[in-house]
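Rule-based calculations on the coordinates, nothing more; no lab input. This structure is a prediction, so every number in the text was calculated from the model and none was measured. Using ideal geometry, Cβ is built from the backbone for each residue, glycine included, and neighbour counts are taken over all protein chains shown.
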Amino acid sequence: MSDSRDSGEMDNSITARTSGQTPGWMRSPALWLATGLGVGFSPAAPGTLGALWGLPLAWAISQLGDWRAEALLTGTICLLGVPICTAATRRLGRAKDPGAIVLDEIASVPITFFMVPIDSPWVVVVGFALHRLFDVTKPPPIRRLERLPGGLGIMADDWLAGVYSCAVLHLLVWSSDQLR
């Protein structure tokens with residue numbers, strides 16, 4: 001994921017705040033959702049901040065208590081993210097993954113914690129770190145998924161990063177249980 005910014009959108013947002021107008025990103029529901037309520041416009045680590053938004057979502061989904069409901073809700077959020085990210089990318093005037101779009105991180109964090117008991121701080125910290133590691137380093141074939149068109153390319157690489165981090169997190173939780 002690129003951390004580039006659309007300076008026109010940022011300038012528009014800054015100008016709007018100083019003139020009393022509503023920033024452009026707030027007038028576009030797709031851009032509002034895709035930027036994590038504007039968190040994606042952070043000048044530092046927007047992807048990490050977006051992933052932090054995913055933690056309460058992952059916790060809430062884990063409270064459903066039924067793996068089928070968790071899978072259905074997580075899958076629905078991920079699939080809805082595709083057209084939202086496509087529309088937001090068009091609104092930003094970009095052909096590829098703008099750094100301001102963080103819905104991919106938000107939606108993929110629950111994949112990391114799928115069927116993992118979120119019952120200790122270490123599980124949350126390790127899961128979060130694994131998600132960021134796989135999202136940033138993009139081991140094969142994650143990077144290839146970015147080539148998919150529009151919002152699918154924005155979302156799909158994060159889905160696979162979530163699957164990789166989920167597998168490693170399950171292994172770590174299982175091995176720590178074996179040591180007790």
What FRET efficiency do you get for Arg68 and Asp119 if R0 is 22 Å and r is their Cβ-Cβ distance, rounded to the nearest 0.05? 0.60
HN-Hα couplings for the stretch 74-81 via Karplus (6.51, -1.76, 1.60; θ = phi - 60°), in whole Hz with x for Gly/Pro, come out as 4, x, 5, 4, 5, 5, 5, x
With +1 on the Cβ of every Lys and Arg and -1 on the Cβ of every Asp and Glu, and nothing else charged, how large is the dipole of the stretch 7-178 about its Cα centre, in debye rounded to the nearest 20? 580
Find the relative contact order for the stretch 7-178 and round it to a whole percent, using C-alpha pairs within less than 8 Å whose residues are 6+ positions apart. 24
